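Note sheet for the following structure.
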Amino acid sequence: MDKELSQFETWVGIPHSSVKGLQAGTYQSDDVTKGTPLGLNNDPLKIFSVIQEDNQVIMKVTGEIYAGINTKKEYQNYHLVFQFRWGWPRYEPRLDKKRDSGLLYHCQGEHGVFWHTWKACLEYQIQESDVGDYLGLKGPKGQYRGFMVEKGNKPDKRDNGLYYYDPNSDNIITGARYTNAYIENEMPLGNWNTVELYAVGDEAVHIVNGEVVMFVENLQDKHGKPLTKGQVQFQSEAAEIYYKDMKIRTVTQLPPEIEAQIRRID
């Protein structure tokens, strides 16, 4: 990651009606999932920028408008690692909700197919108390070991869905539904967290601060074909967040210590 973010492109969605400082005539709405997006490399409020802190290059994401910043290149068979830290500001339409962002991987096709903002992809959730959760946007899906609970009978206070990943389960779930991670391993607000993603073949492993929290396999695109590559995209989603120390390297298999923590579907 350089100061110019030259390896990335941006796509900015629909500004909320509360956003200030935009050019007269810019489309704004209380519903940021419908309408006319600002579009490709049109970031007038500098939602994505680079700052320096303690001689480190850090990407700042203001979160003021729903948006994405994605790699220009596609990646396949890789280990991605970076750190993130939440800022304090939150914005509409999530002013009183959990701070939210996300790592989108195996991104395919056109910009803005989901809420006029993000690409079709698989998501490694980055949200307060929910880091490492899994879901698919606009078609991509996978399989994992886990379980579903009835509404009102959840085993804990997580509130993002009825599905849970559990490597010890013999039940197999197929789909793109929001799925809670095995454990929540996020650091307290204000601290840096280390995120790792292994994407090898048609498998993905989500790791939060050194702990494997999600393993999804048999990844497929919306046509049912193996999904093994794509762009990487970071979300701006109504909360300030900082990213640093981004590193990506090619791998051909999972390390033994990761293999020891997963159970493939027979």
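Just from its helices, what would the mean residue ellipticity at 222 nm be for the chain, if runs of 4 or more DSSP H residues each count -39500 (n - 2.57) and the sum is divided by every residue, rounded to the nearest 500 deg cm²/dmol? Each step should come with its number before you reach the end.
Numbers: 1 runs with 4 residues, N = 266.
So the calculated ellipticity at 222 nm is 0 deg cm²/dmol.
With θ set to phi - 60° and the Karplus curve 6.51 cos²θ - 1.76 cosθ + 1.60, what are the ³J(HN,Hα) couplings of region 75-85 in order, to the nearest whole Hz, using x for Gly and Pro?
With coefficients 6.51, -1.76 and 1.60, one gets 10, 9, 6, 9, 10, 10, 9, 7, 10, 9, 9 Hz.
Would you compute, for the Cα atoms of region 137-266, the largest minus smallest coordinate along each principal axis and list the three values in descending order, in whole Å?
37, 37, 32
Please sort by residue number the GluC sites (Glu not before Pro) in region 34-103 whose DSSP state is loop and whose Cβ has at most 14 other Cβ atoms within 10 Å.
Qualifying residues, ordered by number: E74.
At 4 °C and 1.567 mPa s, what whole-number value in µm²/s does Stokes-Einstein give for the translational diffusion of region 57-153, with Rh from the Kirkwood sum over Cα pairs?
Numbers: Rh = 15.5 Å.
Stokes-Einstein gives a translational diffusion coefficient of 84 µm²/s.
How big is the chain by the Kirkwood estimate over distinct Cα pairs, in Å? Before the final figure, lay out each step's value.
Numbers: mean 1/r = 0.0532 Å⁻¹.
That comes to 18.8 Å for the chain.
Greater than 23 Å separation of Cα atoms is the criterion. Which listed pairs, K20/K97; K73/K225; K46/K119; K20/K46; K34/K72; K98/K141, meet it?
On the way: K20/K97 21 Å; K73/K225 21 Å; K46/K119 20 Å; K20/K46 13 Å; K34/K72 26 Å; K98/K141 25 Å.
From the list (K20/K97; K73/K225; K46/K119; K20/K46; K34/K72; K98/K141), the Cα-Cα distance tops 23 Å for K34/K72; K98/K141.
Residue farthest toward the positive end of the dipole of the chain, with Cβ of Lys/Arg at +1 and Asp/Glu at -1: which of I14, Q233, A120?
Checked the options; the winner is I14.
What does DSSP give for region 8-259 in terms of the percent of beta bridges that are antiparallel, rounded to the nearest 5?
Values: 76 of 79 bridges.
Looking only at bridges with both residues in region 8-259, the antiparallel portion is about 95 percent.
Which of L219, L162, L122 moves the most in a Gaussian network model of the chain with Cα springs under 10 Å?
Among L219, L162, L122, the largest GNM mean-square fluctuation belongs to L162.
Can you pull out the trypsin sites (Lys or Arg not before Pro) in region 35-112 that DSSP calls coil and that have at most 15 other Cβ atoms within 10 Å?
Numbers: sites: K46, K60, K72, K73, R85, R90, R94, K97, K98, R99; in loops: K46, K72, K73, R94, K97, K98, R99.
Loop-located and lightly packed - K46, K72, K73, K97, K98.
Read-outs throughout are calculated quantities, based only on the coordinates presented, and are distinct from any laboratory measurement. Not measured: the values here are computed from a predicted model. Cβ sites come from the backbone with ideal geometry, for glycine too, and all protein chains shown count toward neighbours.
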